[in-house]
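The numbers here are math on the coordinates, done by the rules we state, and not lab data. Note that this is a predicted model, so its numbers are computed, not measured. Note that we place each Cβ from the backbone using ideal geometry, even for glycine, and neighbour counts take in every protein chain shown.
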Amino acid sequence: MRNDEVIGVEVGAGRREQRDWVEYCWITSVEHKTGKGRVEYMVPAMTLKVVEVLERYSEPLRAALQEEIQALESSIAGMINPAERRDLVKRLFQARCDSQRVFLGVIYGKCNQITALSSVASRVAMLRLAAKAGQDWKLSPHQCRRTYARTFVESRMGRQALVFLKWQFKHSSISMSQLYAANPAQDPALYEDILAEYFDIKRDLLESWSSPNQRLSGGAGRKIIEMRASAVPDRERLVANTAMQINIRATGHGWCIAQDTGCGGAGLYESTRCVDCKNGVIDDEHVEVWQGIYAQHLEMLELDDLGPVTNARIRRDLALSAKVITEFGVPLEPRFGLIKNLEDDHL
Ligand code: SF4
């Protein structure tokens, strides 16, 4: 949510909904920036608890505001001076707008006015929070929204498995378009922010892949290395255009750039399929994963009851994982001599 939408949260804004035995939680607010009006945000269950606590915390302020509203209504009725009347009507209008808000505060001064938290006050509060945490970071409310969009995409791309997102979205398999379709009353701009972050991540990845210092493996990775040799008049533009059109998915052991069905998802479970697949890119982010795959296959090779077919398969996968690791210039374990022979046999 943007800061304005958080400030706009009113008592009773949270609701729970059961769908296919899954509980979804929503918070309603009013979206001003793009004029969408009343919107709902999917939130983790904990957010509803937090809002309930805040509702109780701000209850005395709302009660005081109600008293002020009643006093203002009676004063205005008997008011003759137009200037004074105008000031009171203005205040009454503001007090009525804030009367159900959850984020209330008091402006201390002549009248100790109760009012909804302002954007400026929340920015100052965030700066104070950062300072109290010993940081000189200029923390601002909008950074939270961007961070959310970034972590959402990072999580989707397999870089961070955020438990928080799992709480919020319930099903890790649910796609962004399904999510949006789940409730058309949501803020579409949030999904645009998420897509913008997805574009940025793809562009950063493509940029790093086009750098001569980045070692790559995988069928597509090797192709990219070959293509680096050709002169491109405007690399920056090429990267941006490609990022716009290309789909990049994380497999956990690399990136898959298949634009249609590819292997139909088999490479997610059978990592070694991606080593020579024309859609596979493995960058240095995944070297440790391949060292793990390699070590597991070495362990399996030591088992003596798997039979010749399984052993042949282990040897093949061992050679493939060794191929990836050596493409990054990383030495293998001392038993590499054995693997080298296997590689010669199988590749
Ligand atoms: S095998 Fe190819 S198409 Fe399948 S996930 Fe791996 S890279 Fe993608």
HN-Hα J couplings of region 299-314 from phi, Karplus 6.51/-1.76/1.60, θ = phi - 60°, integer Hz, Gly and Pro as x? 4, 5, 4, 7, 6, 10, 10, 9, x, x, 5, 5, 4, 5, 5, 5
State the Cα centre-to-centre distance between region 1-72 and region 223-252 in whole Å. 44
Quick one: angle between helix 141-156 and the longest Cα principal axis of the chain, in degrees between 0 and 90, rounded to 10, please. 30
Output the 0 to 90 degree angle, nearest 10, between the alpha-carbon long axis of helix 119-132 and the longest principal axis computed from the alpha carbons of the chain. 60
Relative to the Cα centre, what is the charge dipole magnitude of the chain, using +1 at the beta carbon of each Lys and Arg, -1 at the beta carbon of each Asp and Glu, and rounding to the nearest 20 debye? 1100
Sorted by chain and then number, the residues having a modelled amide H within less than 5 Å of the amide H of residue 186, at least 5 places away or on another chain, are 40
In region 1-92, the chymotrypsin sites (Phe, Trp or Tyr not before Pro) that sit in a DSSP loop and have at most 15 other Cβ atoms within 10 Å of their own Cβ are 21
Contour minus Cα-Cα span, residue 330 to residue 125, at 0.36 nm per residue, comes to 69.0 nm
Among 325, 312, 143, whose Cα projects farthest towards the positive end of the dipole of the chain, with charges put on the beta-carbon of Lys, Arg (+1) and Asp, Glu (-1)? 143
Of the listed pairs 110/138; 110/132; 202/278, those with alpha carbons more than 21 Å apart are 110/138; 110/132
Rounded tilt (10° steps) of 188-210 against the dominant C-alpha axis of the chain: 30
Taking a point 7 angstrom from the Cα of residue 288 along the C-beta vector, which residues in region 239-263 have backbone N less than 19 Å away? 250-255
The chain, helix-only ellipticity at 222 nm - DSSP H runs n ≥ 4, -39,500 (n - 2.57), divided by all residues, nearest 500: -18000 deg cm²/dmol
Using a Förster distance of 25 angstrom, determine the FRET efficiency expected from the C-beta separation of residue 215 and residue 302, and round it to 0.05. 0.25
Pairs of alpha carbons in region 1-186 whose separation is greater than 23 Å (percent): 55
Largest first, please: the extent of the C-alpha atoms of region 211-346 along each principal axis, to the nearest Å. 56, 31, 23
Between residue 11 and residue 84, what length in nm is gained on full extension when 0.36 nm per residue of separation is reduced by their alpha carbon distance? 23.1 nm
